1. Restricting attention to segment A:70-111, which residues are part of a strand (DSSP E or B), within 14 Å of chain B (Cβ to nearest Cβ) and either at pLDDT 95 or above or open to solvent by less than 80 Å² (accessible area, probe 1.4 Å) (or both)?
2. Checking A:ASN59 against (1) of a type in the set (S, T, N, Q); (2) more than 11 Å from chain B (Cβ to nearest Cβ); (3) closer than 23 Å to A:THR112 by Cα: exactly one of these is not met. Which one?
3. Sort out which residues of segment A:6-45 are in a strand (DSSP E or B), touching a residue at least 40 places away in the same chain (Cβ under 8 Å) and within 30 Å of B:LYS3 (Cβ to Cβ), and write them in order of number.
4. Tell me the strands (runs of 3 or more DSSP E) entirely within segment B:1-46 that contain at least 3 residues that are modelled with pLDDT of 90 or more, open to solvent by less than 30 Å² (accessible area, probe 1.4 Å) and at negative phi.
5. Could you list all residues from segment B:66-106 that are more than 10 Å from B:CYS23 (Cβ to Cβ), free of Cβ contacts under 8 Å to residues at least 40 places away in the same chain and touching a Lys or Arg at 6+ places or on another chain (Cβ under 9 Å)?
6. Which of (1) away from chain A (no Cβ under 11 Å); (2) assigned to a strand (DSSP E or B); (3) within 28 Å of A:TRP34 (Cβ to Cβ); (4) open to solvent by less than 20 Å² (accessible area, probe 1.4 Å) does B:VAL104 not meet, given it meets every other one?
Amino acid sequence: DAGVTQSPTHLIKTRGQQVTLRCSPKSGHDTVSWYQQALGQGPQFIFQYYEEEERQRGNFPDRFSGHQFPNYSSELNVNALLLGDSALYLCASSLRTGWADTQYFGPGTRLTVL
Amino acid sequence: SQKIEQNSEALNIQEGKTATLTCNYTNYSPAYLQWYRQDPGRGPVFLLLIRENEKEKRKERLKVTFDTTLKQSLFHITASQPADSATYLCALDMRFGAGTRLTVKP
């Protein structure tokens, strides 16, 4: 049973560029959440997708957008990259039970913006 | 504003001792609270979930308490081992604390 997978593992971009990160959820999971984790900090919630729609959003600008596909996989897009966007981007999947979302995290994508 | 605070950035203890980590929160009324473990360069791994009507929960050497009056959760690792060295994160809803880095010395 494959867990959560993310691609790529590492990425280097320059300021102003755009980036797309990808996530495949754990088998059987229908909900995908994205987090940004700066060095030494806890994960910061970006947004959550369920049934191909954004259901919740954290305090992130519109430069951060996403998509969920019918097979539940998801993409995170970041436009007009800033140096401060350098971080580990984590994808987490869960099964929406209407109660508690225990999340399973992928290994993350390390984004460096130069 | 909503805040989740974990007691310290780092905790160093001797092997065999009990590690106690603290998570305090403000302006939340959570139905549950979760604890995760994170190793360097890896994603967090779920450890335990405790509901608001549960005072205590155990899993092997792990114990979590949840006091909704104090707005605090305590996470204990008994008989700690060097392999327990990691960062431990508490989470409410979709929000995480900054974590406490635990180092267990042989």
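1. Passing the criteria: A:ALA87, A:LEU88, A:TYR89, A:LEU90, A:CYS91, A:ALA92, A:SER93, A:SER94, A:PHE105, A:THR109, A:ARG110, A:LEU111.
2. (2) is the only condition that A:ASN59 fails.
3. A:GLN6, A:LEU21, A:CYS23, A:THR31, A:VAL32, A:SER33, A:TRP34, A:TYR35, A:GLN36, A:GLN37
4. Because the criterion is at least 3 residues that are modelled with pLDDT of 90 or more, open to solvent by less than 30 Å² (accessible area, probe 1.4 Å) and at negative phi, the strands (runs of 3 or more DSSP E) in segment B:1-46 that meet it are B:19-26, B:32-38.
5. Across segment B:66-106, the qualifying residues are B:ASP67, B:SER85.
6. Unmet for B:VAL104, out of (1) away from chain A (no Cβ under 11 Å); (2) assigned to a strand (DSSP E or B); (3) within 28 Å of A:TRP34 (Cβ to Cβ); (4) open to solvent by less than 20 Å² (accessible area, probe 1.4 Å): (3).
The values are calculated or read from the model by the stated rules, or taken from the named source; none is laboratory data. Only a predicted model underlies this, so the values are computations on that prediction, with no experimental measurement involved. Cβ sites come from the backbone with ideal geometry, for glycine too, and all protein chains shown count toward neighbours. Ligands, DNA and RNA are stripped out before the accessible areas are found, and what is left, the full protein with its side chains, is counted by its heavy atoms. Shrake-Rupley method; radii C 1.70, N 1.55, O 1.52, S 1.80 Å.
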